[in-house]
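First up is the structure itself, then whatever we jot down about it.
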Amino acid sequence: MAIMKVIEVMGYSSQGWEDAAQRMVTDASKTVKNIKSIYINEMSAKVENNQIVEYRLNGKITFEVRDTK
């Protein structure tokens, strides 16, 4: 059995939703190891002059703390 932990994270990108999600994982991996999954709770966007200028995500990252095998 593995011991898992979940943290809540926020990400953003001017490029798109996928880039925002990847940034969340990349930034979290700087201090968290063994990331196993990401769950997106909310998606939103900032709009200026009728154009999306920033894609925003709220989500949860699951990582393995230790394997008890």
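Bear in mind that the values in this text are calculations on the coordinates, not laboratory data. None of the values given here were measured: they were computed from a predicted structure. Cβ: placed from backbone, ideal geometry, glycine included. Neighbour counts: every protein chain shown.
A few remarks follow.
- Computed from the Cβ-Cβ distance with R0 of 22 Å, the FRET efficiency linking residue 15 to residue 58 stands at 0.80.
- Nonlocal Lys pairs with alpha-carbon distance under 20 Å, segment 4-69 (8 or more apart, or different chains): 10
- Highest-first arrangement of 43-49, 56-62, where packing means the average Cβ count within 10 Å: 56-62, 43-49
- Multiplying the residue separation of residue 1 and residue 43 by 0.36 nm and subtracting their alpha-carbon distance yields 11.9 nm.
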